[in-house]
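Asker: To start, I am sharing the structure in question, which I have written as structure tokens.
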Amino acid sequence: MSLEKQIEDRKRKLKELKVKGIEPYPHKYELTARASEIKQGSEDFQNKQVRIAGRVLSVRKHGKTTFSNILDDVDIQIYLRKDTLGDKYDIFELFDIGDFVGVVGKVFKTRTGEITVLVEDFTLLSKSLRPLPEKWHGLKDIEARYRQRYIDLIANPVVKETFFTRNNVIRIMRDFLNEHGFVEVETPILQPLYGGATARPFTTYHNVLNKELYLRIADELYLKRLIIGGFNKVYEFGKDFRNEGVDRFHNPEFTQLEAYQSYADYFDIMELLEEMFEHLSLEIKGGLSLEYQGNEINFKRPWKRIKFFDALLQKTECNFKNKSFDEIKSKAEELNIVVDEGITKGKLYDIIFSKLVQQDCIQPTIVYDYPVEISPLAKRKEKEPGVAERFEPIICGLELGNAFSELNDPIEQRRRFEEQGRLRDLGDEEAHLLDEDFLTALEYGMPPTGGFGLGIDRIAMIFTNSPSIRDVILFPQLR
RNA sequence: GGGCCGUUAGCUCAGUUGGCAGAGCACCGGAUUUUUAAUCCGGGAGUCGCAGGUUCGACUCCUGCACGGCCCA
């Protein structure tokens, strides 16, 4: 039957129910148990009366008896008999798969041992007008799963598990930081000037203020202002927005955790992150290892640590440190890396690194001491010109975040911004903007500080063994 | 931006060399008092992603477009 006819038929049943004086959309229903409690503690519930509710998933009718499964937090079988329900039994004829039903009845075990509620009374809680996907193939069409995630959640129970795990990741990290004396804050998403990352922004407009605003690409510069203001340890979970392509690892809006700790440097941050990931793995997986897309990952401290230029040296037998742009470019071409016209030295480093090194970092790896050209907010390394105190944690070839000893010298920071300005003039649209207000704040003095940003979606991918970022975002961006 | 693959009933999928549009589930009618992918009998359900082209004839071949996926940039 066509979809239209099926909807018509359900509306017909809706009318019939109303004619019989049944309200199809009542306001509430008192529960005494959840399906999961009944199933787990079945002995305690045996022969006890319960009130439960859920969405009808399947109906097996045998004349004067009917079995049905309803989906609460888990699904549970209910059993209706004409001899217990009398005339009311026939009302169930007007129920469809997808309807919400409330049930009063006694818990028992069927012949085959399945925990079941023998229905003594039932109530329509919400009439569904559209048919659900079929029961055992579920909903497979990837586009439909993303566009109509609510159906995906009903049809594919594993999806709910993924998002419970995502929730756990965030909760455990938040608890961890709270226990380590960090204070959670909220900073502006609408910013007059965007900064803190190398990316293009989304632009919007405030009518009353009559000015352009940007959706933040990072929280960094505001959190540092709070360090300047005297917060010793701060963090923020929030959405950042980057106006770039959409693929398996990128969604234009994504969740980031940023944290800053005063009097710390990037080595302290490395240890903090290692500890946090160990803790996360223990809490979620019950151990230090997990499988991600066929790779066995172990979070045990200390992680492998390798310097940016040493990693490149190992791969290419070429020392890229302190080389001129032309030297790096010709070496890249030698390595069959396509170099776009007008690329900057920093971008070139970035491409070579992600092509040659990042892919192969399967176990948790800390790559540190990045080229200063691509680290405009990180402190320069003492006695090592060209290198900044910056690291990235990489797992399964996935860049999970970014961390520095934060640059707190206002004069040096101004020079770095000015250098970014030159790159912008040469056409690099992702170069950082000079933020005069931030420089003013720095001029008041920022203590030595270590900080990090972590991509929460990617971490959720790893802990849920999801191949695509869209699997861990409830409503991912589609065209 | 480029390459490859996909789009057929509400869902999951077949569709042969270009020759009547198919199945299972779901749905509708009937039988059925412990089923669980219930079973049995009967039924109807389609803008074959969209727009062109080739052809006597297109789900099928060609071109363009849209949406999605993977890979590359």
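The values are calculated or read from the model by the stated rules, or taken from the named source; none is laboratory data. This is a predicted model, so every value here is computed, not measured. For neighbour counting, all protein chains shown are included, and Cβ atoms are generated from backbone atoms with ideal geometry for every residue, glycine included. Each accessible area value is taken on the protein alone, full model and side chains, heavy atoms only, with ligands, DNA and RNA left out. Shrake-Rupley method; radii C 1.70, N 1.55, O 1.52, S 1.80 Å.
Asker: Tell me, what is the per residue accessible area of segment A:3-132 in Å², probe radius 1.4 Å?
Answerer: On a per-residue basis, segment A:3-132 sits at 55 Å².
Asker: Quick one: if you stick a label point 7 Å off each Cα along the C-beta vector at residue A:64 and residue A:341, how many nm between them?
Answerer: 8.6 nm
Asker: Follow-up. How big is the charge dipole of chain A about its Cα centre, in debye rounded to the nearest 20, if each Lys and Arg gets +1 on its Cβ and each Asp and Glu gets -1 on its Cβ?
Answerer: 2300 debye
Asker: Would you check the accessible area of residue A:362, probe 1.4 Å, heavy atoms only, in square angstrom rounded to 10?
Answerer: 50 Å²
Asker: Let me ask you something else. Compare A:72, A:437 by solvent-accessible area with a 1.4 Å probe and give them largest first, with all protein chains kept in place.
Answerer: Reading off the accessible areas and sorting them downward yields A:437, A:72.
Asker: Whole number in Å², please: accessible area per residue of segment A:311-406, 1.4 Å probe, ligands, DNA and RNA not counted.
Answerer: So segment A:311-406 comes to 45 Å² accessible per residue, rounded to a whole number.
Asker: Within 11 Å, Cβ to Cβ, of residue A:310, how many net charges do the neighbouring residues add up to if Lys/Arg are +1 and Asp/Glu are -1?
Answerer: So the environment of residue A:310 carries a net charge of +3.
Asker: Relative contact order of chain A, please, whole-number percent, based on alpha carbon pairs below 8 angstrom and at least 6 residues apart.
Answerer: Computed value for chain A: 13 percent relative contact order.
Asker: Continuing with this model, one more query. Express in Å², to the nearest 10, the accessible area of residue A:411 obtained by rolling a 1.4 Å probe over the protein heavy atoms while all chains stay in place.
Answerer: Roughly 120 Å² of residue A:411 is accessible to a 1.4 Å probe.
Asker: Given a Förster distance of 45 Å, report the FRET efficiency between residue A:426 and residue A:239 from their Cβ-Cβ distance, rounded to the nearest 0.05.
Answerer: E(calc), rounded to 0.05, equals 0.90.
Asker: When all protein chains stay in place, what accessible area (Å², nearest 10, 1.4 Å probe) is found for residue A:412?
Answerer: Surface accessible to solvent at residue A:412 totals approximately 20 Å².
Asker: How many nm is it between the label spots at residue A:75 and residue A:437, if each spot is 7 Å from the Cα in line with the beta carbon?
Answerer: It works out to 5.4 nm between the two label points.
Asker: Are there trypsin sites (Lys or Arg not before Pro) in segment A:292-381 that DSSP puts in a loop and that have at most 12 other Cβ atoms within 10 Å, and which ones? Write down the numbers at each step before the final one.
Answerer: Details: sites: A:300, A:304, A:305, A:307, A:315, A:321, A:323, A:329, A:331, A:345, A:347, A:355, A:379, A:380, A:381; in loops: A:300, A:321, A:323, A:379, A:381.
Of the trypsin sites (Lys or Arg not before Pro), not one in the loops of segment A:292-381 has a Cβ with at most 12 other Cβ atoms within 10 Å.
Asker: Also, I was wondering about something else. Using a 1.4 angstrom probe on heavy atoms only, work out the carbon and sulfur share of the accessible area of chain A in %.
Answerer: Heavy-atom surface of chain A belonging to carbon and sulfur, 1.4 Å probe: 49 percent.
Asker: Also, quick follow-up: Leaving ligands, DNA and RNA out of it, rank A:1, A:270 by accessible area with a 1.4 Å probe, largest first.
Answerer: Putting A:1, A:270 in descending order of accessible area: A:1, A:270.
Asker: Quick one: what are the phi-derived ³J(HN,Hα) couplings along segment A:224-237, Karplus 6.51/-1.76/1.60 with θ = phi - 60°, whole Hz, x for glycine and proline?
Answerer: Karplus values, whole Hz, x for Gly and Pro: 5, 4, 6, 4, 4, x, x, 5, 7, 9, 10, 8, 8, 9.
Asker: Among all the lysines, which ones have a C-alpha under 20 Å from residue A:48's C-alpha, if same-chain residues fewer than 8 places away are not counted?
Answerer: Cross-link targets: A:39, A:106, A:109.
Asker: Considering only DSSP states other than H, G, I, E and B, which trypsin sites (Lys or Arg not before Pro) in segment A:187-250 qualify as loop sites with at most 13 other Cβ atoms within 10 Å?
Answerer: Counting only loop positions with at most 13 other Cβ atoms within 10 Å, the trypsin sites (Lys or Arg not before Pro) in segment A:187-250 are A:248.
Asker: Based on the Cβ-Cβ distance of residue A:333 and residue A:310, what FRET efficiency does E = 1/(1 + (r/R0)^6) give at R0 = 25 Å, to the nearest 0.05?
Answerer: Details: r = 22 Å, r/R0 = 0.90.
E(calc), rounded to 0.05, equals 0.65.
Asker: Could you order A:339, A:208, A:472 by accessible surface area, starting with the largest, using a probe radius of 1.4 Å? Before the final figure, lay out the partial values.
Answerer: Working: A:339 25, A:208 130, A:472 0 Å².
The most accessible residue leads, giving A:208, A:339, A:472.
Asker: For segment A:257-390, what class follows from the C-alpha gyration tensor (a ≥ b ≥ c being the square roots of its eigenvalues): rounded when a/c is under 1.5, otherwise prolate if a/b is larger than b/c, else oblate?
Answerer: Since a/c reaches 1.5 but b/c is at least a/b, the shape of segment A:257-390 is classed as oblate.
Asker: Using alpha carbons only, how many angstrom separate the centre of segment A:70-123 from the centre of segment A:442-464?
Answerer: Here the two parts' Cα centres lie 51 Å apart.
Asker: A further question follows. With label points built 7 Å along Cα→Cβ from the Cα atoms of residue A:288 and residue A:28, find their separation and express it in nm.
Answerer: Each label point is offset 7 Å from its Cα along the Cβ direction, giving 5.0 nm.
Asker: When a/c is below 1.5 the answer is rounded, else prolate if a/b is larger than b/c, else oblate, so apply that to segment A:3-132 with a ≥ b ≥ c taken from the square roots of the Cα gyration tensor eigenvalues.
Answerer: Working: a/c = 1.78, a/b = 1.66, b/c = 1.07.
Note, shape of segment A:3-132 comes out prolate.
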